[in-house]
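A short worksheet on the structure shown next.
The values are calculated or read from the model by the stated rules, or taken from the named source; none is laboratory data. Because the structure is a prediction, the values reported are computed rather than measured. Every residue, glycine as well, gets a Cβ built from its backbone with ideal geometry; the counts of neighbours run over all protein chains shown. Accessible surface areas use protein heavy atoms only, side chains included; no ligands, DNA or RNA. Shrake-Rupley method; radii C 1.70, N 1.55, O 1.52, S 1.80 Å.
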Amino acid sequence: MENFDGAEGKWKEWTFLFKTQVGAANKVARNLLEKGQKMKSEDPDMTLEYDQDMLDKIGAEMYSVLTGLLVGEPLTLIRGIPYGDGWRAWHKL
């Protein structure tokens, strides 16, 4: 999978590939990515449906993967997200 640099017109394809690869490893994470992408709030809250420990674990893993796949402006955007919160990083992108 190629790194994402924020180039206009590549986001839709890149997110499709990212979600597909995440889904191959963890279907719950894939579903949560879809939900998070559709949320309009600045602070996505999915705690009502899922165990918080599981959300924190998946979020930390996702943050780690995102930092390895983003370069330039997108990486700068998520660098300021506190506590390696992958859900907030995904929403911000």
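Any chance segment 74-82 includes a residue that's modelled with pLDDT under 85 and either within 10 Å of the chain's Cα centre (by Cα) or surrounded by fewer than 17 Cβ atoms within 10 Å (Cβ to Cβ) (or both)? Yes, segment 74-82 contains at least one residue that is modelled with pLDDT under 85 and either within 10 Å of the chain's Cα centre (by Cα) or surrounded by fewer than 17 Cβ atoms within 10 Å (Cβ to Cβ) (or both).
Would you be able to say whether some residue in segment 15-33 is open to solvent by 60 Å² or more (accessible area, probe 1.4 Å), in a helix (DSSP H, G or I) and more than 19 Å from G59 (Cα to Cα)? Checking segment 15-33: not a single residue is open to solvent by 60 Å² or more (accessible area, probe 1.4 Å), in a helix (DSSP H, G or I) and more than 19 Å from G59 (Cα to Cα).
Taking segment 60-93 as the range and being free of Cβ contacts under 8 Å to residues at least 12 places away in the same chain and outside any helix (DSSP H, G or I) as the test, only G80 passes. Restrict the check to segment 44-58 and report whether at least one residue is modelled with pLDDT of 90 or more, on the phi < 0 side of the Ramachandran plot and assigned to a loop (DSSP other than H, G, I, E, B). No, there is no match, as no residue in segment 44-58 is modelled with pLDDT of 90 or more, on the phi < 0 side of the Ramachandran plot and assigned to a loop (DSSP other than H, G, I, E, B). Scanning segment 59-93 for residues that are over 20 Å from N26 (Cβ atoms) and among the basic types (K, R) yields R79, K92. Selection of segment 48-93 for residues being under 25 Å from G9 (Cβ atoms) and of a type in the set (D, E) yields only E73.
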